[in-house]
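Trainee: Below are the structure tokens for one structure; questions will follow.
The values are calculated or read from the model by the stated rules, or taken from the named source; none is laboratory data. Keep in mind that this is a model prediction, so the values were computed, not measured. A quick note on method: Cβ atoms are made from the backbone with ideal geometry, for glycine too, and the neighbour counts reach across all protein chains shown. Accessible surface is based on the protein model in full, side chains and every heavy atom, while ligands, DNA and RNA are left aside. Shrake-Rupley method; radii C 1.70, N 1.55, O 1.52, S 1.80 Å.
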Amino acid sequence: MATFEKNILEEGTGDPPTTGAQVTVEANLFIANPDTKKRGTAADDKIWSTHQSSGFLFPSPKPTPFTYSSGTGGVIKGWDDGVGTMKLNERAELYIPWNFAYGANGHPGFKIGPKKDLLFEIKVLKIA
């Protein structure tokens, strides 16, 4: 089973990040519908946003992009693998099966239940 499925919405340029590169993204996180592999439509399927002031479950008066170290295990496996294939300014949907997301226990802090598949909408803003 693949750790992610990617649907490119806007092509990017250049090379994907190398291991250890600092990658900055804007992202939205949703619980995914496993039948359609698209974001769920229920109100509580919206989890996190780095660039919308509502922030979904985590409102923020000043939305902030997310930066992490590529390929080092600092994010869930499906995200690390999926964004690892993306280029600068690429925008894509990443469908991540539960076993490459937060697993059998979910993530109570993010209100993600056990065995929930995820859908991220991600745009790569910077690779350094």
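Trainee: So for region 2-47, considering every pair of alpha-carbon atoms, how many percent are separated by more than 15 Å?
Mentor: On the way: 660 of 1035 pairs.
Pairs farther apart than 15 Å: 64 percent.
Trainee: Tell me what the chain gives for mean residue ellipticity at 222 nm when only DSSP H runs of n ≥ 4 count, each as -39,500 (n - 2.57), the sum divided by the residue total, rounded to 500 deg cm²/dmol.
Mentor: Values: 1 runs with 7 residues, N = 128.
One gets -1500 deg cm²/dmol as the mean residue ellipticity at 222 nm.
Trainee: Using a 1.4 angstrom probe on heavy atoms only, work out the carbon and sulfur share of the accessible area of the chain in %. Walk me through the numbers before you get to the answer.
Mentor: Details: 3520 of 6770 Å².
Carbon and sulfur: 52 percent of the exposed surface of the chain.
Trainee: With label points built 7 Å along Cα→Cβ from the Cα atoms of residue 115 and residue 44, find their separation and express it in nm.
Mentor: The two pseudo-label positions are separated by 1.8 nm.
Trainee: Oh, and also: Quick check: pseudo-label points 7 Å beyond the Cα along Cα→Cβ at residue 5 and residue 36, how many nm apart are they?
Mentor: Simple spin-label model gives 1.3 nm for this pair.
Trainee: Solvent-accessible area per residue for the chain at a 1.4 Å probe radius, Å²? It would help to have the intermediate numbers written out before the result.
Mentor: Details: 6770 Å² over 128 residues.
Using a 1.4 Å probe on heavy atoms only, each residue of the chain averages 53 Å².
Trainee: Taking 2.2 N^0.38 Å as the expected size of a compact globular protein, what ratio does the Cα radius of gyration of the chain give against it, to two decimals? Walk me through the numbers on the way to the answer.
Mentor: Numbers: Rg = 13.7 Å, N = 128, 2.2 N^0.38 = 13.9 Å.
For the chain, the normalised Cα radius of gyration is 0.99.
Trainee: Got a number for the accessible area of residue 64? Probe 1.4 Å, square angstrom, nearest 10.
Mentor: 80
Trainee: Which of 57, 118, 88 ends up with the largest GNM mean-square fluctuation for the chain, with Cα atoms connected below 10 Å?
Mentor: Greatest mean-square fluctuation among the candidates belongs to 57.
Trainee: Under a crude label model (7 Å from the Cα following the beta-carbon direction), how far is residue 24 from residue 72 in nanometres?
Mentor: Label-label distance for residue 24 and residue 72, simple model: 1.7 nm.
Trainee: Which distance in Å, rounded to a whole number, links the C-alpha centroids of region 81-127 and region 1-78?
Mentor: Between the Cα centres of region 81-127 and region 1-78 lies a distance of 5 Å.
Trainee: Placing unit charges on C-beta atoms (Lys and Arg positive, Asp and Glu negative, everything else neutral), compute the dipole magnitude of the chain about its Cα centre in debye, rounded to 20.
Mentor: Values: 14 positive and 14 negative charges, 59 e Å.
Dipole size: approximately 280 debye.
Trainee: Mean-square fluctuation check for the chain, GNM, Cα pairs under 10 Å: which of 21, 92, 42 is largest?
Mentor: Most flexible of the set in this elastic network: 42.
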